[in-house]
Amino acid sequence: MGRSAFGSSAQGDAATAEVARKRQEEENAAIRLVHLLISCANAIQAGDYAAATGNLAAARTALATTVSTAAGIGRVLSHFAAALAQRLIPAFPTQHGAAPNAASSAAHAGELYRQFYEAGPYLKFAHFTANQAILEAFEGCDRVHVIDLAIMQGVQWPALIEAFSLRPGGPPAVRITGVGAPPAADGARDELHEVGVRLAELARALNVPFSFHVVTADSLDALQQWMFRIVPGEALAVNSVCQLHRLLVDPDAAPNSWGLHLPSPIDAVLGWVAAMQPRVFTVVEQEADHNKPSLVERFINALFYYAAVLDSMEALSAQRLSRTGRATTGDLGAEAYLQREIFNIVEQRGQRPRGAPRAADPLACPALARRDVADAGRPERARAGGRAAPHVLGRRVPRAGVRRLPDAHVARPAAVHVVCVARSANEHRRRQPYRGA
């Protein structure tokens, strides 16, 4: 009896030791893979494409043999390896395959956005917080106007319309103006019009007076105040979801051919936002620093960021699987959404020229356009004036307030609400509003 117990204990210890050994081997292999990919990015940055190709080939071998891509860090690194391969296509097109069809890719952008929205609480939380700020700002108003700087599929607004329908004393007359890219010239369906139809049908069912208008432009800094048809007496809100980072430029960028530093596009946008005197300006941004000119810095920052994001997505997917007993195709679409962001960060080679149009794909962001708006964008937002009342979801927001700078000629909205979405699996918390000076 004693010998049997002793033997079982020894076998258990051996099995535990074997599991620990295999786990350590996997961790070591993953660390080597990270170093290979960073070395590849370094070689690309230095223009040594032969060395970059060698590092990438070694990384792909590791992904195929020693590092599982089914989950965890291997799954994250597989996306970054694919992005580096895409970056190397101009140098070695025969070795790394052909570029994906841009038109076909853009055709699925809206659907990927919808699947990402449904797959997790990230954007839902941000929309809920922004809508709550808008509801508070519109309290007691009988005519309200919301300008959405990126209407996309309009998923933020059904909840707001429903909230208005339940308001004591009856709903206000609601007008929503959606900003989007001009419709494609190839006869594709007008998605902005379809969004307006869906919202109008919902409002009619809820007995909410409603109108919808569309403003199209290739870039937000090309818009003008008169395009929004501001009506005296309407309470106005401006809503920006993951758009302001597109307007930031590298502060160390070289001047133009005349030796001048042109004003940042964000100055133009915040100028007409402030001039319209909205009651509230809601801003949603990711807490991420992907705006570095250096490919290696951008690559490392993005690697840490998307490792946390995809880890969070895996946890949510596992919860759904345990609850329902089956995986959902939406998880794959959400991951594809994130993969497109990774490709965009790694592939881009330079900053969007001033005045160049935005990509038609709503998921694509201009090169060097991703930045921690909670930090770097604070001086620009401050020019819009107002007191800060941010609601924050994230890991780290360095004083996520907006201070009003001395700028007397700028009309100030009543409040600027900032929602910073740092899609991390580790810390999801809502901080108390910071009241700026």
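The values are calculated or read from the model by the stated rules, or taken from the named source; none is laboratory data. This structure is a prediction, so every number in the text was calculated from the model and none was measured. Glycine also receives a Cβ, built like all others from the backbone with ideal geometry; neighbour counts cover every protein chain displayed. Protein only, heavy atoms only, side chains kept; ligands, DNA and RNA dropped before computing areas. Shrake-Rupley method; radii C 1.70, N 1.55, O 1.52, S 1.80 Å.
Looking at segment 141-160, is at least one residue without any contact (Cβ under 8 Å) to a residue 40 or more places away in the chain, within 18 Å of the chain's Cα centre (by Cα) and surrounded by 18 or more Cβ atoms within 10 Å (Cβ to Cβ)?
We begin by selecting, within segment 141-160, every residue without any contact (Cβ under 8 Å) to a residue 40 or more places away in the chain; these are 142, 159-160.
Within this subset, residues satisfying the condition of being within 18 Å of the chain's Cα centre (by Cα) are none.
No, there is no match, as no residue in segment 141-160 is without any contact (Cβ under 8 Å) to a residue 40 or more places away in the chain, within 18 Å of the chain's Cα centre (by Cα) and surrounded by 18 or more Cβ atoms within 10 Å (Cβ to Cβ).
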Could you tell me how many of the residues in segment 47-67 are closer than 26 Å to Glu314 by Cβ and open to solvent by 70 Å² or more (accessible area, probe 1.4 Å)?
5
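So for segment 87-101 (the condition being buried (at least 22 other Cβ atoms within 10 Å of the Cβ) and modelled with pLDDT of 85 or more), does at least one residue qualify?
In the first step, residues of segment 87-101 are kept if they are buried (at least 22 other Cβ atoms within 10 Å of the Cβ); the result is 87.
Then drop every residue that is not modelled with pLDDT of 85 or more, which leaves 87.
Yes: segment 87-101 contains one or more residues that are buried (at least 22 other Cβ atoms within 10 Å of the Cβ) and modelled with pLDDT of 85 or more.
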All but one of (1) within 21 Å of the chain's Cα centre (by Cα); (2) crowded, with 19+ Cβ neighbours inside 10 Å; (3) farther than 21 Å from Asn207 by Cβ hold for Asn131, so report the exception by its number.
(3)
I'm trying to understand the selection: among the residues of segment 287-304, which are of a type in the set (A, V, I, L, M) and open to solvent by less than 30 Å² (accessible area, probe 1.4 Å)?
Ala288, Leu295, Val296, Ala302, Leu303
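Here's the yes/no breakdown for (1) in a loop (DSSP other than H, G, I, E, B); (2) farther than 23 Å from Glu111 by Cα:
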position	(1), (2)
Thr129	no, yes
Glu136	no, yes
Val144	no, yes
Met152	yes, no
Pro158	no, no
Gly169	yes, yes
Thr177	no, no
Pro182	yes, no
Within segment 30-55, which residues are among the hydrophobic types (A, V, I, L, M, F, W, C) and free of Cβ contacts under 8 Å to residues at least 40 places away in the same chain?
Ile31, Leu36, Ala43, Ala46, Ala50, Ala51, Ala52
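So if I check each of Ile230, Ile266, Ile300, which one is more than 22 Å from Phe125 (Cβ to Cβ), at pLDDT 75 or above and out of contact with any helix residue (DSSP H, G or I) (no Cβ under 7 Å at 6 or more places or on another chain)? Lay out the reasoning, then the answer.
Values: Ile266 fails: out of contact with any helix residue (DSSP H, G or I) (no Cβ under 7 Å at 6 or more places or on another chain); Ile300 fails: out of contact with any helix residue (DSSP H, G or I) (no Cβ under 7 Å at 6 or more places or on another chain).
Every option except Ile230 fails the conditions.
Please determine whether any residue of segment 305-317 is farther than 30 Å from Gln224 by Cα, open to solvent by 60 Å² or more (accessible area, probe 1.4 Å) and modelled with pLDDT under 90.
Taking every residue of segment 305-317 in turn, at least one turns out to be farther than 30 Å from Gln224 by Cα, open to solvent by 60 Å² or more (accessible area, probe 1.4 Å) and modelled with pLDDT under 90.
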Exactly one of these conditions fails for Ala71: (1) open to solvent by less than 70 Å² (accessible area, probe 1.4 Å); (2) without any contact (Cβ under 8 Å) to a residue 60 or more places away in the chain. Give me its number.
(2)
